[in-house]
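Undergrad: First, the structure itself, so that you have it in front of you.
Readers should treat all values here as calculations from the given coordinates under stated rules, not as data from a laboratory. All values reported here derive from a predicted model rather than from experimental measurement. Glycine gets a Cβ as well: all are built from the backbone with ideal geometry, and neighbour counts include every protein chain shown.
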Amino acid sequence: MPVFVALLRAVNVGGTGKLPMSDLVAMATAAGFKRVRTYIASGNLVLESQHAEQQVKATLEKALARYAGKPVGVMVRNAEEMAAVLDANPFPDKAPNRTVVVFLDTPPPAGWRDGVLAPDGEEVRAGTRELYIHYGESMARSKLKLPAAAKGTARNINTVSRLAAMARD
């Protein structure tokens, strides 16, 4: 059965967007997904489904909207796509905890560089349906402006690597 990685947008351990991972697993299981598991408490879900990516996304978003009382965006990649995202990292020699992937629903728009402001030397590259960012030493205080990333969700390369491994296993 195909394996998918679902990345929830604006979900964290505390504050707004709080969602216990045990609730997320129960919700996904009740929606019919198999071998549902999470990785760290920031909205990372690995699951199996006989449905196509768009159906997985729609089913999760519907269940999450019922739970949260508002829309919760979900970016979905199959196991092969997740491995490809990791392999395509344009910053392989940079610190993985300072390099992030912003997952998008669609390819970055043609003008994705429009409005980019990288005052601390942040580097940004486009991928298939992703934007890669290397922050360097400035990550905690970065003033990076990247309008094309506004509707995406970001994970650092360490997390992407772990999710790709979970999806492969």
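Undergrad: Evaluate the charge dipole of the chain about its Cα centre and quote only its size in Debye, nearest 20, assuming +1 on the Cβ of each Lys and Arg and -1 on the Cβ of each Asp and Glu.
TA: Rounded to the nearest 20 debye, it is 480 debye.
Undergrad: Using 0.36 nm per residue, how much length does the chain from Ala165 to Lys94 gain when fully extended, once their Cα-Cα distance is taken away?
TA: On the way: separation 71, 0.36 × 71 = 25.56 nm, distance 2.00 nm.
23.6 nm is the gain from fully extending Ala165 to Lys94.
Undergrad: Between Val25 and Ile40, what length in nm is gained on full extension when 0.36 nm per residue of separation is reduced by their alpha carbon distance?
TA: 4.2 nm
Undergrad: Are there trypsin sites (Lys or Arg not before Pro) in the range 90-169 that DSSP marks as loop and that have at most 14 other Cβ atoms within 10 Å, and which are they?
TA: For trypsin sites (Lys or Arg not before Pro) across the range 90-169 that sit outside H, G, I, E and B with at most 14 neighbouring Cβ atoms in 10 Å, the list reads Arg113, Lys143, Lys151.
Undergrad: A follow-up question, please. Pull out the extension gain between Glu48 and Glu137, defined as 0.36 nm times the separation in residues minus the alpha carbon to alpha carbon distance; nm, one decimal. Provide the component values of the computation, followed by the final result.
TA: Details: separation 89, 0.36 × 89 = 32.04 nm, distance 3.75 nm.
Contour length minus Cα-Cα distance gives 28.3 nm.
Undergrad: Along the charge dipole of the range 3-80, which of Val5, Pro20, Gly43 sits closest to the positive end, that is, farthest toward it, with unit charges on the beta carbon of Lys, Arg, Asp and Glu (+1, +1, -1, -1)?
TA: Selected residue: Pro20.
Undergrad: Which three extents, in angstrom, do the Cα atoms of the range 69-169 have along their principal axes, listed largest first?
TA: So the extents along the principal axes, rounded to whole Å, are 40, 35, 30.
Undergrad: Here is a follow-up. Enumerate by residue number the chymotrypsin sites (Phe, Trp or Tyr not before Pro) in the range 1-70 meeting two conditions: DSSP loop (anything except H, G, I, E, B), and at most 16 other Cβ atoms within 10 Å of the site's Cβ. Present the calculation step by step, with values, prior to reporting the outcome.
TA: Details: sites: Phe4, Phe33, Tyr39, Tyr67; in loops: Phe33, Tyr39.
Of the chymotrypsin sites (Phe, Trp or Tyr not before Pro), not one in the loops of the range 1-70 has a Cβ with at most 16 other Cβ atoms within 10 Å.
Undergrad: Based on alpha-carbon centroids, what's the gap between the range 29-49 and the range 133-169 in Å, whole number please?
TA: Spelled out, the Cα-based centre of one part sits 20 Å from the other.
Undergrad: With each label point set 7 Å from Cα along the Cα-Cβ vector, what nm distance links Lys70 and Leu117?
TA: Placing both labels 7 Å beyond Cα along the Cβ direction yields 2.5 nm.
Undergrad: Next question, about the same structure. Normalised radius of gyration for the range 3-80, please: alpha carbon Rg relative to 2.2 N^0.38 Å, two decimal places.
TA: 0.97
Undergrad: Which cross-chain or sequence-distant (5 or more) residues have an amide H under 5 Å from the amide H of Ala154, H modelled 1.01 Å from N in plane?
TA: It is Phe103, by chain and number.
Undergrad: Still on this structure, please answer the following. Can you check what the net charge comes to around Arg9, using other residues whose Cβ is under 12 Å from the Cβ of Arg9 (Lys, Arg +1; Asp, Glu -1)?
TA: After counting each charged neighbour, the total is +2.
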